[in-house]
Amino acid sequence: MPGPDDLAALKAEREAADREYNDALTRLDRAVQQLPANFPHPPPVPDEYQVTPLNTLWKIDAPRPRGFRRGFVAAVRRAVAPLFEQQQAFNSAVVDHVNRNVQVARQTREAMATTLDVLRGTIEDLIRFQSLLVLFAQQITPYVDTRDRDVAGLLRGLSGAINSVADELMKRSDAMLTRDRRHEMGLNDLQARLAALQKQLLAVQRGIEESDRT
């Protein structure tokens, strides 16, 4: 059996292990993440207020003159036609660019919103996992203590059974020793009687021999 020094060393080792476990559990609990209060939101939807007017006003339609000014206006139109065509090409390019970028802005916002939703869900799942991990770690010590109590109970039961068997063996051993002592005492008594009988026979034999001589 372990001596007092061994038991004291085992107790000190257990207390040190308990302190280290509690410290590690505290650090784990403090390391549980939290969802930031200023978690980013998706950007606002693109400004499409002027998109419809741009799609309707980009084309330049000059009024057609009537009457005697028709010839003059036609001459002016021929003179400025390259400028109108250049302006209209520019307007068309601007409107096409705006329409394309509006679509890109919509898809970009949708992608960012989806990404933020996934990120939020992932962080929430991670926080939930960390909380469950802390709860699991908190249950380790009670579980181990329960197992220790079960083992201690089994050891106590086993020790009781061993003691009972030892007591029974001791009783049987005592009974056998007592019986052996009785047999030994009976044998000694028999040997003593045989020795006395031999002495008596010798005495009788000597008496017969002496009577024959006379």
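The values are calculated or read from the model by the stated rules, or taken from the named source; none is laboratory data. The model shown is predicted, which means the values in this text are computed figures rather than measured ones. Neighbour counts run over all protein chains shown; Cβ positions are idealised from the backbone, glycine included. Protein only, heavy atoms only, side chains kept; ligands, DNA and RNA dropped before computing areas. Shrake-Rupley method; radii C 1.70, N 1.55, O 1.52, S 1.80 Å.
The Asn163 and Ala203 beta-carbon pair, evaluated with R₀ = 45 Å, returns a calculated FRET efficiency of approximately 0.15.
The modelled label-to-label distance between Ala12 and Arg172, using points 7 Å beyond Cα along the C-beta direction, is 4.6 nm. The 1.4 Å probe gives accessible areas that order Met185, Met112, largest first, as Met185, Met112. For the pair Leu135 and Ala31, the difference between a 0.36 nm per residue extended length and the Cα-Cα distance amounts to 36.1 nm.
For the range 88-104, the Karplus equation 6.51 cos²θ - 1.76 cosθ + 1.60, evaluated at θ = phi - 60°, returns couplings of 5, 5, 5, 4, 4, 5, 4, 5, 4, 5, 4, 4, 5, 6, 4, 5, 5 Hz by residue, with Gly and Pro reported as x.
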